[in-house]
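Data first, discussion second: the structure below is written as structure tokens.
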Amino acid sequence: MGIFSGFSLIASSIPYIINGVWTTLEIALVSAIIGFVLGVILSLFKIGNIKILAWMSDFYTSIFRGTPLILQLTLVYFATPQLIGYDISAFLAAIITFGFNSGAYMSEIIRSGINAVDKGQFEAAGALGVPYWSMMKDIILPQAIKKILPAMMNEFITLTKESAIVSTIGVLDLMRRAQVVAAENSLYFPPLIVSFAIYYVLVMILTILGRLFERRMSRSD
């Protein structure tokens, strides 16, 4: 069977594969939100004066950065029912794993952004008597986030691509749908190259949107 005849054979299944984009983006977006919130909390703990919180945050980061993401995913999905008796869904397992994993990486990104803020901002806020948490929330973090926007966008793009591993636990994302079509037709190249192209276009769109957002934010300075 030729390549082009193979594509014609799966033509009716291409919309089915494309619909997996929404699951892929949903996992990436929700995980990014969880990761951002966790990242902010962990980064503040890391730069704070409470040693036990700083140690715990560093340990948390080392765990999620030091082990394979696919292993974390399979542990959450397969071990949760045995540990706590809750039959977790594949989608929820994916959200939890990717969110917690992203939080570890985001904490380092946000910490670097905070450290990049001019020290005079801290001194000025301290001289004016601004409470520490108010200073971080209203003065330091907004400036830090502007500095790390490219890194944050890269993290979101990485989440979008790495979400393909949720296919291993049965989530019907873009990758899994391509595998289903491949198995049904005993034909792997056409559906997988379709998903390959969709991932590429999706990442290029996200990259362009990220750059436009960065330019808009830089103009608001």
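Taking the chain as the reference, fit the longest principal axis to its C-alpha atoms, fit the long axis of helix 51-65 to the helix C-alpha atoms, and give the angle between the two in degrees, 0 to 90, nearest 10.
20 degrees
Let's see if you can work this out: charge +1 on each Lys and Arg Cβ, -1 on each Asp and Glu Cβ, no other charges. What is the dipole magnitude of the chain about its Cα centre, in debye to the nearest 20?
Its charge dipole is roughly 420 debye.
Would you list the P(r) distribution for the chain, with all Cα-Cα distances sorted into 10 Å bins from 0 and each bin expressed as a whole %?
P(r) over the chain, rounded to whole percents: 8, 26, 28, 21, 11, 4, 1, 0.
How far is the Cα center of the range 143-164 from the Cα center of the range 26-40, in Å?
Computed from Cα coordinates, the inter-centre distance equals 10 Å.
With a sphere of radius 14 Å drawn around the Cβ of Met153, what net charge do the other residues whose Cβ falls strictly inside it have (Lys, Arg +1; Asp, Glu -1)?
Summing Lys and Arg as +1 and Asp and Glu as -1 gives +4.
Projected onto the charge dipole of the chain (+1 at Lys/Arg Cβ, -1 at Asp/Glu Cβ, origin at the Cα centre), which of Ala54, Ile96, Ile145 gives the Cα projection farthest towards the positive end?
Positive-most Cα among the choices belongs to Ile145.
In nanometres, what is the gap between the two model label sites at Ile63 and Asn19, each 7 Å from Cα along Cα-to-Cβ?
Going by the 7 Å Cα→Cβ label model, 3.8 nm.
Note the angle between two axes, namely the Cα long axis of helix 174-185 and the longest principal axis of the Cα atoms of the chain, as a number of degrees from 0 to 90, rounded to the nearest 10.
Helix 174-185 sits at roughly 10 degrees to that axis.
For the range 15-45, list residues with backbone N below 19 Å from a point placed 7 Å from the Cα of Val201 toward its Cβ?
15-26
Measuring from label point to label point, each 7 Å out along Cα→Cβ, what is the Trp133 to Ala151 span in nm?
Between Trp133 and Ala151, the simple spin-label model gives 2.5 nm.
Note down the nm distance, to one decimal, between modelled labels 7 Å out along Cα→Cβ at Ala116 and at Leu71.
Placing both labels 7 Å beyond Cα along the Cβ direction yields 3.1 nm.
On a 0 to 90 degree scale, rounded to 10, what angle separates helix 189-219 from the longest Cα axis of the chain?
The two axes meet at around 20 degrees.
Suppose R0 equals 25 Å; then what is the FRET efficiency for Leu192 and Thr168 from their Cβ-Cβ distance, rounded to the nearest 0.05?
0.95
Taken together, the values in this text are just the output of simple stated rules run on the coordinates, not laboratory data. Nothing here was measured: the structure is a model prediction, and the numbers come from that model. Every residue, glycine among them, receives a Cβ derived from its backbone with ideal geometry; neighbour counts consider all protein chains shown.
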